[in-house]
Amino acid sequence: MNCGFGAPQSAADVSSTMPGSKFEFTWGSGFGGNWPHNTEPLMTYLASCGSTTCDKFGSTKAKWFKINQQGQDTSGKWIQAELPAGQPVTVTLPNTLAPDYLTRHEIIALQGAVSMGSIPLALNSPSVVIKKPTKYAE
């Protein structure tokens, strides 16, 4: 996936996982260290890579669909409040996926909203290879 504005090439990081698995995203600051903000919604999207492998797929043609969104828990605490302590965000992948997919994890960067319509997005976008389940020995 092309990460960042005007990224010239696809990201080569590929992770293998099974449908229904938990997948973790760890966020860091652009200046090193942990993600500094604690009050923002999180969203996760997938896009099929079709008949090519995700490390070669042109993500500008991706058809994204949302699989998860997280805001506040039942106590009113933002899920993202754990990121400054270095904790990952955990997302469960759908059980119905076939290989291969890109993931896109977004934070709506509310701290950057300085005027109407100016909320930027922060992206964390690794490639994921969803492996086909294998038969279990009985």
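The values are calculated or read from the model by the stated rules, or taken from the named source; none is laboratory data. What you are looking at is a predicted structure, and each value in this text was computed from that prediction instead of being measured. When we count neighbours, we look across all protein chains shown, and the Cβ atoms used for this are built from the backbone with ideal geometry, even at glycine. To get the accessible areas, we keep the full protein, side chains included, count just its heavy atoms, and leave off ligands, DNA and RNA. Shrake-Rupley method; radii C 1.70, N 1.55, O 1.52, S 1.80 Å.
Hey, can you tell me all the residues within region 42-73 that are of a type in the set (S, T, N, Q), open to solvent by less than 80 Å² (accessible area, probe 1.4 Å) and either in contact (Cβ under 8 Å) with a residue 60 or more places away in the chain or within 19 Å of Val14 (Cα to Cα) (or both)?
Thr44, Ser48, Thr52, Thr53, Ser59
Could you go through region 80-89 and let me know if any residue there is among the polar types (S, T, N, Q), modelled with pLDDT of 85 or more and assigned to a loop (DSSP other than H, G, I, E, B).
Checking region 80-89: at least one residue is among the polar types (S, T, N, Q), modelled with pLDDT of 85 or more and assigned to a loop (DSSP other than H, G, I, E, B).
Criterion first (touching a Ser or Thr at 6+ places or on another chain (Cβ under 9 Å), within 19 Å of Leu110 (Cα to Cα) and modelled with pLDDT of 85 or more) does Gln70 satisfy it?
So Gln70 passes the test.
May I ask you to verify whether Thr39 is farther than 26 Å from Val14 by Cβ, of a type outside the set (A, V, I, L, M, F, W, C) and in a loop (DSSP other than H, G, I, E, B)?
yes
Determine, yes or no, whether Ser75 is modelled with pLDDT of 85 or more, touching a Phe, Trp or Tyr at 6+ places or on another chain (Cβ under 7 Å) and not β-branched (Val, Ile, Thr).
No.
Could you tell me whether region 21-31 includes any residue that is outside any strand (DSSP E or B), modelled with pLDDT of 85 or more, open to solvent by less than 40 Å² (accessible area, probe 1.4 Å) and not hydrophobic (A, V, I, L, M, F, W, C)?
yes
Starting from region 89-101, keep only residues that are of a type in the set (Phe, Trp, Tyr), then list their pairs with residues that are in a loop (DSSP other than H, G, I, E, B) whose Cβ atoms are within a distance under 9 Å, requiring at least 6 positions of separation or different chains.
Partner pairs satisfying both residue conditions: Tyr101/Cys49; Tyr101/Cys54; Tyr101/Leu93.
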